[in-house]
1. Any idea which residue in the range 251-265 is most open to solvent (accessible area, probe 1.4 Å), counting only those that are touching a helix residue (DSSP H, G or I) at 6+ places or on another chain (Cβ under 6 Å) and not in a loop (DSSP other than H, G, I, E, B)?
2. So which residues in the range 231-258 are in contact with a strand residue (DSSP E or B) (Cβ under 7 Å, 6 or more places away or on another chain) and without any contact (Cβ under 8 Å) to a residue 60 or more places away in the chain?
3. Could you give every pair whose Cβ atoms fall below 8 Å, whose first residue belongs to the range 179-194 and is farther than 13 Å from Val231 by Cβ, and whose second residue is part of a strand (DSSP E or B), counting only separations of at least 6 or pairs across chains?
4. Kindly list the number of the only condition in (1) open to solvent by less than 50 Å² (accessible area, probe 1.4 Å); (2) at pLDDT 95 or above that fails for Ser274.
5. Within the range 422-438, is there a residue that is aromatic (Phe, Trp, Tyr) and in contact with a strand residue (DSSP E or B) (Cβ under 6 Å, 6 or more places away or on another chain)?
6. Is there any pair with a first residue in the range 291-319 that is farther than 14 Å from Leu238 by Cα and of a type outside the set (A, V, I, L, M, F, W, C) and a second that is modelled with pLDDT of 95 or more and exposed (fewer than 15 other Cβ atoms within 10 Å of the Cβ) whose Cβ atoms are under 6 Å apart and which are 6 or more apart or on different chains, and what are they?
7. Can you tell which of Leu151, Leu197, Leu132 is open to solvent by 20 Å² or more (accessible area, probe 1.4 Å) and on the phi > 0 side of the Ramachandran plot?
8. Could you list, ordered by first residue, the pairs with Cβ atoms under 6 Å in which the first is in the range 1-29 and of a type in the set (Val, Ile, Thr) and the second is assigned to a helix (DSSP H, G or I), at least 6 apart or interchain?
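The values are calculated or read from the model by the stated rules, or taken from the named source; none is laboratory data. Fair warning: this is a prediction, and the values are worked out from it, not measured in the lab. Here the Cβ positions follow ideal geometry from the backbone for every residue, glycine too, while neighbour counts run over all protein chains shown. Heads up: the accessible areas ignore ligands, DNA and RNA and are worked out on the full protein's heavy atoms, side chains in. Shrake-Rupley method; radii C 1.70, N 1.55, O 1.52, S 1.80 Å.
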Amino acid sequence: MALFDPLFGSLAMLEVFSDSARVQLMLDFEAALAQAEARCGVIPEPAARKIAGKCKAELIDFDALALATADSVNPAIPLVKQLTALVAKENPDAARFVHWGATSQDANDTGLVLQVRQAFDIIERDSAELCLGLAQLAEKHRSTPIVGRTLMQHALPTTFGVKIAGWLDAMSRHRERFAETRGRVLVLQFGGAVGTLAALREKALPVAEALAAELQLELPAMPWHTQRDRVAETATTLGLCAGTLGKMARDISLHMQTEIAEIFEPAAEGRGGSSSMPHKRNPVSAAIVLSAATRIPGLVSTMLSAMAQEDERGVGNWHAEWETLPEIFRLTAGALHQMATIVPHLEINAAHMSCNLDATNGLIFAEAVTMAMAAHIGKSAAHAFVDEASKKARESGKHLREVLAENPKVAQQLNSAELDRLFDPKNYLGASGDWIDRVIDASRVPATRK
């Protein structure tokens, strides 16, 4: 399925979760473990150097590793065997100290945490780029009027800047969540067979502290072999972001419809075309983002289901995480990269936005008229009056302003200039400018990174 890798993922994230990267980071754990144990006097320093010197992915037979993993149901077991054999070729005594006091899940989980750290760096970079693009777009179109739609129907005027600010506001919260999640998930996994590090005796905590320092990870209060809230939180945080990206993609694709034609993805040679219809300009990036937003919730559900693990080592549920979390990262990163790439280059048809405001012959200003009349005759009476006028406008095909101007009851309360003001979308935007300013200002505050 590598054919679709550049389509649904990002190349940088694919590299983070490649086989070679996974193996190398597990070996990084083994090298750091040996060095930490040597520092604490658990194993000889020369042995640690020999072990660390062989912790290189290019020395590993990946085909043999894959076949052995199918038998052991755990890549750490055959990986440690290969590493031990590599060390033994040069120093049989040093080989005795490979993986000293650790268990296979320590290598697997810590390797995963190191991958997650790199993955979050990519997510952070692209989300920052996306937020910058959104802030610039919101500022540029802070006063560009557009139809506000509820239940897919014309509702009231708003501005395109407000719509973009809504996207930005949500993405800023996701950046905060990413920073908070990093602080909880980027911790060492080191507990030995059942989480007690009994094999290291009185050296257990000193080695754990030294190992965490070697890998630049936090040392948690205790090992977390079957407490999977950290990895599940990572999955759900990514899932929330994917949902927002999907909402953005949905809006863009709706506004690219021929009948609306207000927002367009950037055009380029070979992009968004059809094999049979030369005129087509399809929302291709939106399609990729929406595909991710469709697939990720099911994967997040798998991660949540995998949390109920047995005693001190899970049976199958831990294993269910191994491909699932990388896939969530891959799809989220791909969607995020797509959106960060197209947002700065979206083509905005402000003229058509303005034209669409007139599509209902003034009915979009019904609430504005109601509130103006309510000041004179009360809200309930005004609502009933404008509702009747709106029906008349629809039935007659006349503009609502024309219908109102013909009614003596309106003339008693509102003059022509006041009616003109009520039918100008720029006069019924409420606090839109304030919202945009607040969201842009908040987006400039960097998310706390732990």
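1. In the first step, residues of the range 251-265 are kept if they are touching a helix residue (DSSP H, G or I) at 6+ places or on another chain (Cβ under 6 Å); the result is 252-253, 261-263, 265.
Checking the rest, the ones that are also not in a loop (DSSP other than H, G, I, E, B) come to 252-253, 263.
Details: Ile252: 0, Ser253: 28, Ile263: 1 Å².
Across the range 251-265, the extreme among qualifying residues is Ser253.
2. So the first thing to find is which residues in the range 231-258 are in contact with a strand residue (DSSP E or B) (Cβ under 7 Å, 6 or more places away or on another chain), and the list is 252, 255-256.
Within the range 231-258, His255, Met256 meet the criteria.
3. Gly183/Glu218; Leu188/Glu218
4. Unmet for Ser274, out of (1) open to solvent by less than 50 Å² (accessible area, probe 1.4 Å); (2) at pLDDT 95 or above: (2).
5. Let us first name the residues in the range 422-438 that are aromatic (Phe, Trp, Tyr), namely 423, 428, 435.
In the following step, the residues that additionally are in contact with a strand residue (DSSP E or B) (Cβ under 6 Å, 6 or more places away or on another chain) were identified as 428.
Yes, there is a match, as at least one residue in the range 422-438 is aromatic (Phe, Trp, Tyr) and in contact with a strand residue (DSSP E or B) (Cβ under 6 Å, 6 or more places away or on another chain).
6. If the second residue must be modelled with pLDDT of 95 or more and exposed (fewer than 15 other Cβ atoms within 10 Å of the Cβ), the pairs left are Glu312/Val194.
7. Values: Leu197 fails: open to solvent by 20 Å² or more (accessible area, probe 1.4 Å); Leu132 fails: on the phi > 0 side of the Ramachandran plot.
Exactly one residue qualifies, and that residue is Leu151.
8. What qualifies is Val16/Gln115; Val16/Gln118; Val16/Ala119; Val23/Ala57.
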